[in-house]
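Student: Right, I'll just put the structure down here and ask away after.
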Amino acid sequence: MDGMSIVKINALTVPSDQRETLEQRFSSRAGVVESSDGFEWFELLRPLEGTDRYLVYTRWRDEESYRAWLEGPMKAAHQGSGGGRPAAGGSEVWTFEVVQQAAPKPKEG
Ligand code: HEM
């Protein structure tokens, strides 16, 4: 990796009776983010312990890549499936810089 990626996490507060709706919306998400320049990773994280907020984890090559997505494709990707009231009652965006990372070593053999 040349240069350090950034992580943008959207922390969603979801009433318990809206969890299923939220997950369904993500199941039928636009799938646009995958094609954005500088996009590196996405995960929808369902809370099990320690918090009841869902986290939308995204990793980007740099801030500019995230901004470009936010100001363009993100809007389209967020207006599709909502219909009625949003499943999330609140959201908060956190920004991190990747300082170190590791992946498992390939097995010998
Ligand atoms: C403003 C509050 C936000 C809410 C309530 C929200 C909620 C949602 C929901 C319900 C979906 C599923 C698709 C849909 O229903 O349209 C979605 C998609 C997504 N959200 Fe958000 N979101 C918000 C802002 C953000 C922000 C700031 C990020 C940046 C980390 C983000 C990252 C994503 C990504 C990557 C997808 C998938 C898009 C794709 O498939 O192309 N969201 N969001």
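Student: Is there a residue being over 20 Å from Val99 (Cβ atoms) and touching a residue at least 60 places away in the same chain (Cβ under 8 Å) anywhere in segment 52-66?
Tutor: Quick first cut of segment 52-66, residues over 20 Å from Val99 (Cβ atoms) only: 52-54, 56.
Okay, now just the ones that are also touching a residue at least 60 places away in the same chain (Cβ under 8 Å), so none.
No - not one qualifying residue is present in segment 52-66.
Student: Can you find a residue in segment 17-27 that is more than 7 Å from the ligand (Cβ to nearest atom), modelled with pLDDT of 95 or more and under 30 Å from Gly3 (Cα atoms)?
Tutor: No, every residue in segment 17-27 fails to be more than 7 Å from the ligand (Cβ to nearest atom), modelled with pLDDT of 95 or more and under 30 Å from Gly3 (Cα atoms).
Student: Shifting gears a bit: Within segment 1-41, take every residue that is farther than 25 Å from Arg61 by Cα and of a type in the set (A, V, I, L, M) and give me the one that is surrounded by the most Cβ atoms within 10 Å (Cβ to Cβ).
Tutor: Val14
Student: Also, quick follow-up: If you check every pair at least six apart or on different chains, which have Cβ atoms under 8 Å apart with a residue in segment 24-35 that is touching a residue at least 40 places away in the same chain (Cβ under 8 Å) and in a helix (DSSP H, G or I) first and a residue that is hydrophobic (A, V, I, L, M, F, W, C) and more than 6 Å from the ligand (Cβ to nearest atom) second?
Tutor: Taking only residues 6 or more apart or on different chains, the pairs are Val33/Phe39; Val33/Trp69; Val33/Met74.
Student: Among the listed residues Ala77, Ala88, Ala30, identify the single one that is touching a helix residue (DSSP H, G or I) at 6+ places or on another chain (Cβ under 7 Å) and farther than 28 Å from Met4 by Cα.
Tutor: Working: Ala77 fails: farther than 28 Å from Met4 by Cα; Ala30 fails: farther than 28 Å from Met4 by Cα.
Going through Ala77, Ala88, Ala30 in turn, just one is touching a helix residue (DSSP H, G or I) at 6+ places or on another chain (Cβ under 7 Å) and farther than 28 Å from Met4 by Cα: Ala88.
Student: Please enumerate the residues belonging to segment 42-74 that are of a type in the set (Gly, Ala, Ser) and closer than 18 Å to Gly31 by Cβ.
Tutor: The answer is Ser65, Ala68, Gly72.
Student: I've got another one for you. Of all residues in segment 1-40, how many are within 12 Å of the chain's Cα centre (by Cα) and of a type in the set (Gly, Ala, Ser)?
Tutor: 2
Student: Taking segment 42-55 only, how many residues are exposed (fewer than 15 other Cβ atoms within 10 Å of the Cβ) and more than 10 Å from the ligand (Cβ to nearest atom)?
Tutor: 8
Student: May I ask you to list the residues in segment 72-109 that are at pLDDT 90 or above, away from the ligand (no atom under 11 Å from the Cβ) and among the acidic types (Asp, Glu)?
Tutor: Glu97
Student: Condition first: part of a helix (DSSP H, G or I), basic (Lys, Arg) and touching a Gly at 6+ places or on another chain (Cβ under 9 Å). Now tell me which residues in segment 50-109 satisfy that.
Tutor: none
The values are calculated or read from the model by the stated rules, or taken from the named source; none is laboratory data. This one's a predicted model, so the numbers in the text were calculated from it and none came from an experiment. Cβ: placed from backbone, ideal geometry, glycine included. Neighbour counts: every protein chain shown.
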